[in-house]
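Worksheet: one structure, shown below.
Throughout, read-outs are computed from the coordinates displayed, never taken from laboratory work. Model, not experiment: these values are computed from the prediction. Reconstructed Cβ throughout: ideal geometry from the backbone, glycine too, with neighbour counts over all protein chains shown.
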Amino acid sequence: MIELINFPFAETIISGVLAFLLGWLWYHPKVMGRRWVEARGKNPDDCKPKPFPSILTFMLWMLASCFYTFLVIIMGLESSPALVCLSCLLWVAFAMPPTVMGAFYTGYPFNAVAIDSAYQLAGYYLFAVTHIGLGMILN
């Protein structure tokens, strides 16, 4: 049983917040936002951030961060390579396939899928980096 007293709350909360904030940077017009809008065949005004999707995205990144931490604890992962490997495996097994499969059925453009999927992988990498960095500082 996981003891809540030893649960790495700081790593979990900070990694979820960082993954969410990465989205604001990732989809900024000067980073990937313009390409993403063009790939979707949309007008930039159609893709302005709205409160509900932003709140939901934040909550989902926090949930993903909690499960990431849970897996780290259950699997006893402590080394940097193990945490990066976990991030890669989670993306390959659970994030990228449904995104790509959904695109096949909905006609979502591949370029947009690649941008979205790469953002998910970057978020998982932030989980690992946060656990590695804060783990070294706090322990």
Using a 7 Å offset from the Cα along the Cα-to-Cβ direction at both LYS30 and LEU60, what is the distance between the two label points in nm, to one decimal? 2.7
Gaussian network model of the chain, Cα springs within a sub-10 Å range: biggest mean-square fluctuation belongs to which of ILE115, ILE14, ILE55? ILE55
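Using helices alone, I'd like the mean residue ellipticity at 222 nm for the chain: each DSSP H run of four-plus residues gives -39500 (n - 2.57), total over residue count, nearest 500.
Computed mean residue ellipticity for the chain: -24500 deg cm²/dmol.
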If one builds a Gaussian network model of the chain from Cα atoms under 10 Å apart, the most fluctuating residue listed among THR106, THR12, THR57 is THR106
Answer in debye to the nearest 20: the dipole magnitude of the chain about its Cα centre, from +1 Lys/Arg and -1 Asp/Glu charges placed on Cβ, is 520
Which of TRP24, TRP61, TRP36 ends up with the largest GNM mean-square fluctuation for the chain, with Cα atoms connected below 10 Å? TRP24
Mean Cα-pair separation over length for the chain, i.e. relative contact order, pairs under 8 Å, 6 or more apart, %: 40
TYR108-SER79 FRET efficiency (beta carbon distance; Förster radius 35 Å; 0.05 resolution): 0.45
Rounded to the nearest Å, what's the spacing between the alpha carbon centres of the range 94-129 and the range 1-73? Just the number, please. 13
Could you pull the Rg and Dmax for the chain, using just the Cα atoms, both in Å? 16.3, 50
